[in-house]
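Every read-out reported here was derived from the displayed coordinates using simple, explicitly stated rules and does not represent laboratory data. Nothing here was measured: the structure is a model prediction, and the numbers come from that model. Methodologically, a virtual Cβ is constructed for each residue, glycine included, from the backbone with ideal geometry; neighbour enumeration extends over all protein chains shown.
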Amino acid sequence: MDPTYTLAGIMGWPVRYSRSPVIHGHWIREHGVKGDYVMLPVQATNLPDALRGLKAMGFAGCNLTIPHKVAALALLDRVDPLAARIGAVNTLVVKDGALVGYNTDAEGYIQSLREACPGWRADAGPTSGPMAVLGAGGAARAVLAVLGEQGAPEIRICNRSLDKAQALAAEFGAHYPGTRWLALPWDQRHAALEGCAQLVNTTSLGMTGQEALDLRLDALPPTALVCDVIYTPLETPLLAAARLRPAGQHVTVNGLGMLLHQARAAFQHWFGLLPEVTPALRRAVEATF
Ligand code: NDP
């Protein structure tokens, strides 16, 4: 093993649709890093062996994607406190022979907000107020952790399966007691937008190949930030509807910023430098859509 050569990758099943090799490959070339970022197609049942193999094969670490983000938690030597609160890891780092888990999706989300809305904060100022989060899956966990961590006064979680929204409200309520956590049934999603400073779609509705999110924006204040974690397409029907609202002055945020910025933090863990999200990188990733 060449000690100056750094190897990382993305482990998942399926993994071939992932944009992460494009992103990390771009930065590896841009910075002349001696290393590589490879696809690691690993089925759920093989995860324990594959994680042991990472150390054996001299990897600096890897990203995890579907279906491993939650299952890996129990297989690691250490888990970063934020990742533990989120309940999922997307970045693994081999440190002195130990496997350490992080979650950089949360960092990705907050950076995407700050990129679109410089000075964004949840706890004070014009971008503060109740926040409506649609969905209660893996992406929702990272978003909820950010909003709780940043001191949002009230978070309304609205999900098709109400029990999942209730479970998340209880779980995150214990981590972030300064926030008022509400779980709402799916049919109340339209009214849940009343007075909100931010709306985030974390469901898969609106993704290419999926039905659109059926949501009436009438109750949403015209100044609210409207976000969608989906990045295919870049402008989901939700973001288009927000942009076209007659009285709307909505700043909209798509999921590409979250994707690029979570990768940035992961790259730094393995390769030791913090790369930039540049227009060239965006073009390289957008060319894959
Ligand atoms: P999960 O499968 O964990 O969660 C999916 C969510 O969508 C659940 O809340 C589910 O509700 C809801 N949902 C699915 N179908 C419907 C429907 N027909 N009606 C109402 N609700 C529905 O997925 P993830 O959280 O991992 O991913 C969600 C989206 O986020 C994907 O599009 C993914 O690409 C994107 N994403 C983007 C990232 C980025 O970096 N930008 C990072 C991670 C994900 P229920 O609980 O009732 O099933």
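Within straight cross-link reach of Lys34, meaning Cα distance under 15 Å, which aspartates and glutamates are found once same-chain residues fewer than 8 apart are removed?
Within reach: Asp2.
Could you list the residues of region 95-121 with an amide nitrogen less than 20 Å from a label point located 7 Å from the Cα of Thr223 in the Cα-to-C-beta direction?
Residues 113-121 fall inside that zone.
Send over the per residue convex hull volume for region 143-289, Cα only, as a whole number of Å³.
Values: hull volume 20.3 nm³, N = 147.
Measuring per residue, one finds 138 Å³ for the Cα hull of region 143-289.
Given the DSSP H assignment, sum -39500 (n - 2.57) over each helix run of at least 4 residues in the chain and divide by its residue total; what's the result at 222 nm in deg cm²/dmol, nearest 500? Write down the numbers at each step before the final one.
Working: 9 runs with 97 residues, N = 289.
Rounded to the nearest 500, the figure is -10000 deg cm²/dmol.
Quick check: the distance between the Cα centres of region 1-58 and region 210-231, to the nearest angstrom?
35
Rounded if a/c is under 1.5, else prolate if a/b is larger than b/c, else oblate: which is region 97-225, with a ≥ b ≥ c the root eigenvalues of its Cα gyration tensor?
Details: a/c = 1.34, a/b = 1.17, b/c = 1.15.
Rounded shape, in that the Cα axes give a/c under 1.5.
So the label point goes 7 Å from the Cα of Ala191 along Cα→C-beta, right? Which residues of region 200-230 then have their backbone N under 16 Å from it?
The answer is 216-220.
Picking from Gln111, Gln150, Gln188, which is most flexible by a Gaussian network model of the chain using Cα springs under 10 Å?
Largest GNM mean-square fluctuation: Gln188.
Can you list residues from other chains, or at least 5 along the same chain, whose modelled amide H is less than 5 Å from the amide H of Asn63?
So Asn63 has HN proximity to Gly9, Ile10, Met11, Leu92.
Mind checking the dipole of region 1-149: about its Cα centre, +1 per Lys or Arg Cβ, -1 per Asp or Glu Cβ, Debye to the nearest 20? All intermediate terms of the calculation are to be shown ahead of the outcome.
On the way: 13 positive and 12 negative charges, 39 e Å.
Charge dipole of region 1-149: 180 debye, to the nearest 20.
What dipole magnitude, in Debye to the nearest 20, does region 142-289 give about its Cα centre under +1 on Lys/Arg Cβ and -1 on Asp/Glu Cβ? Let's see the in-between values first.
Working: 11 positive and 13 negative charges, 38 e Å.
I would put it at about 180 debye.
Please work out the Cα center distance from region 153-198 to region 83-110, rounded to the nearest Å.
25
Per 0.36 nm of contour for each residue apart, how much would the distance between Arg283 and Arg52 grow if the chain were fully extended, relative to their Cα-Cα spacing? Display every interim value, and only then the final one.
Working: separation 231, 0.36 × 231 = 83.16 nm, distance 3.58 nm.
The span from Arg283 to Arg52 would gain 79.6 nm if fully extended.
Please check: in the Gaussian network model of the chain (C-alpha springs, under 10 Å), which one of Arg114, Arg156, Arg189 has the largest mean-square fluctuation.
Looking only at Arg114, Arg156, Arg189, the biggest GNM fluctuation is shown by Arg114.
Compute the Cα gyration tensor for region 205-282, then decide on rounded, prolate or oblate, letting a ≥ b ≥ c be the square roots of its eigenvalues: rounded whenever a/c is under 1.5, prolate when a/b is larger than b/c in the other cases, and oblate in all that remain. Don't jump to the answer; show the numbers that get you there.
Values: a/c = 3.03, a/b = 2.06, b/c = 1.47.
Since a/c reaches 1.5 and a/b is larger than b/c, the shape of region 205-282 is classed as prolate.
What shape does region 1-109 have by the C-alpha gyration tensor, where a ≥ b ≥ c are the square roots of the eigenvalues, rounded means a/c under 1.5, and otherwise prolate means a/b greater than b/c and oblate the rest? Provide the component values of the computation, followed by the final result.
Numbers: a/c = 1.39, a/b = 1.28, b/c = 1.09.
It comes out rounded by the Cα gyration axes.
For the chain, evaluate the Debye formula with one uniform point scatterer on each Cα (no solvent term) and list log10 I(q)/I(0) at q = 0.07, 0.12, 0.14, 0.16 Å⁻¹, rounded to two decimals.
Result of the Debye calculation: -0.26, -0.76, -1.02, -1.29.
So for Ile10, Ile66, Ile86, fewest C-beta neighbours within 10 Å to most, what's the order? Please list the in-between numbers first.
Working: Ile10 24, Ile66 13, Ile86 29.
Neighbour counts put them in this order, fewest first: Ile66, Ile10, Ile86.
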